[in-house]
Amino acid sequence: MIRRFFVLCSGADATLLDTCSPGEQNKYAGIGATVFFTAVMAFIAGAYALYTVFDNVYTAIFFGLIWGLLIFNLDRFIVSTIKKRDRFRSEFLQATPRIILAVIIAVVISKPLEMKIFEKEINQVLLEQKNALTLANKDQIALQYTPVIEGLNQDISNLKAEISAKEAETNALYDTYIAEAEGREGTLLIGKGPVYKEKREKHDATLLELRELKQANNEKIANLEGEIASLQQEYQVAVVDSQPIIDGFDGLMARINALGALPWFPSFFIFLLFLAIETSPIVVKLLSPKGPYDLKLEDQESAVETWVMQKVKQRRAVLATDVALNDRIYGEIQEEEAVYAYKKAKAEELLRLQADTFYDIQVKSLR
């Protein structure tokens, strides 16, 4: 029963193959087994590839099953349409498009399985790429906020510098009136005279201005620092909101690119393995000698072809004979005077009837 199933998978005529030797049946069962297990591998590869796209097991299995059936049908069609003939060159030319199609199928099947085999290595490559993308994303978002924050920090520095300058001026005035009171500078008189009072009043006025300036600038600095904090919070929110996109950077195309970043040698030999599996039924049919099944199939097809050609030729001969007879018969009739006179009499009778009918209609219309 299993052998019969594999024969069915090979696309061979089971009824015709039953009349062949067991060895011939085993050959086509082996070809059918290769076609079947290639479809199974295609199902596994397609399901895994689609799972990386949909992230749903049932959806991946459903579409993977459709993909496996499609590959099974293509392989079965490729193998069943290769006919063994007496010339290898014509057989090879016949099989060339099918070999190209087999290569394409091998590439499509092998890539998802390569991704599964090298999944850990691919995850490492994707992790490095995600880290690089995270840093680049932060730098890119920072370009929107850094110039504004730097401008606000510069405004804060200017306000603080203004306070510092006023403090320095106030401290200098303080030292001046203290030195005047101690007699170290100015009038060089010890005590609090008129000059001392004048310098003291100037210092007190400057000190009042300093206090007002500090109050005003501190309010401005607090507002600017609030703006900076708000911008920094917006920056953090933008980074957090964009991070899930980077974390989801592990789709099918990303994994294929990550696979391409790995050494090519192991992947190439996995591809060669699937290429050998996919093309093995075609190669077996091309290299195997012409067996009993091929001879019987050719005899069956040639018998049908001969019978069809014979029927077509007979129809053409019948048509040619019928045309020749018709030409001869109608040619002889054309020469018959009796037929001419008969048709002439009938034509005259028809004209008289038409004239009488027309007359009757005209007379009725006048009454």
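Against the conditions (1) over 22 Å from L262 (Cα atoms); (2) in a helix (DSSP H, G or I), where does R184 fall short? Just the number, please.
So R184 meets the others, but not (2).
Among the residues that make up the range 119-138, is at least one of them touching a Leu at 6+ places or on another chain (Cβ under 7 Å), closer than 23 Å to A60 by Cβ, in a helix (DSSP H, G or I) and not aliphatic (A, V, I, L, M)?
Yes: one or more hits.
Taking only pairs six or more apart or across chains, which ones have beta-carbon atoms under 9 Å, a first residue in the range 24-52 that is at positive phi, and a second residue that is among the basic types (K, R)?
Once the first residue is at positive phi and sits in the range 24-52, no partner that is among the basic types (K, R) comes close enough.
Please go through (1) in contact with a Phe, Trp or Tyr (Cβ under 7 Å, 6 or more places away or on another chain); (2) not assigned by TED's automatic domain parsing to the domain that holds A142 for L325 and return the number of the only condition it doesn't satisfy.
L325 satisfies every listed condition except (1).
Would you mention how many residues in the range 36-61 are farther than 18 Å from S110 by Cα and among the aromatic types (F, W, Y)?
2
Taking the range 206-247, which residues are loosely packed, with under 13 Cβ neighbours inside 10 Å and either in contact with a helix residue (DSSP H, G or I) (Cβ under 9 Å, 6 or more places away or on another chain) or on the phi > 0 side of the Ramachandran plot (or both)?
Q232, I245, D247
Every residue, every condition in (1) surrounded by fewer than 17 Cβ atoms within 10 Å (Cβ to Cβ); (2) modelled with pLDDT under 85; (3) on the phi < 0 side of the Ramachandran plot, yes or no:
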| residue | (1), (2), (3) |
| --- | --- |
| V103 | yes, yes, yes |
| V107 | yes, yes, yes |
| S110 | no, yes, yes |
| I122 | no, no, yes |
| L143 | yes, no, yes |
| V148 | yes, no, yes |
| D155 | yes, no, yes |
| L159 | no, no, yes |
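Can you name every residue in the range 237-288 that is modelled with pLDDT of 80 or more and of a type in the set (K, R)?
Matches in the range 237-288: R255 only.
What helices (runs of 4 or more DSSP H), lying completely within the range 1-102, carry at least 3 residues that are under 26 Å from the mean Cα position of the chain (by Cα)?
22-54, 57-80
Look through F92, F118, F72 and report the one residue that is farther than 30 Å from A238 by Cβ, in contact (Cβ under 8 Å) with a residue 24 or more places away in the chain and surrounded by fewer than 14 Cβ atoms within 10 Å (Cβ to Cβ).
The match here is F92.
Suppose we filter N218, N257, N223 for residues that are closer than 30 Å to V103 by Cβ and assigned to a helix (DSSP H, G or I); which single one remains?
Every option except N257 fails the conditions.
Taking only the range 18-40 into account, find how many residues are aliphatic (A, V, I, L, M) and either surrounded by fewer than 20 Cβ atoms within 10 Å (Cβ to Cβ) or touching an Asp or Glu at 6+ places or on another chain (Cβ under 7 Å) (or both).
4
Quick one: which residue in F269, F274, F265 is under 25 Å from I100 (Cβ atoms), buried (at least 16 other Cβ atoms within 10 Å of the Cβ) and either free of Cβ contacts under 8 Å to residues at least 40 places away in the same chain or assigned by TED's automatic domain parsing to the domain that holds L70 (or both)?
Sole residue among the options that is under 25 Å from I100 (Cβ atoms), buried (at least 16 other Cβ atoms within 10 Å of the Cβ) and either free of Cβ contacts under 8 Å to residues at least 40 places away in the same chain or assigned by TED's automatic domain parsing to the domain that holds L70 (or both): F274.
The values are calculated or read from the model by the stated rules, or taken from the named source; none is laboratory data. For clarity, every value in this text was computed on a predicted model and none was experimentally measured. Cβ sites come from the backbone with ideal geometry, for glycine too, and all protein chains shown count toward neighbours.
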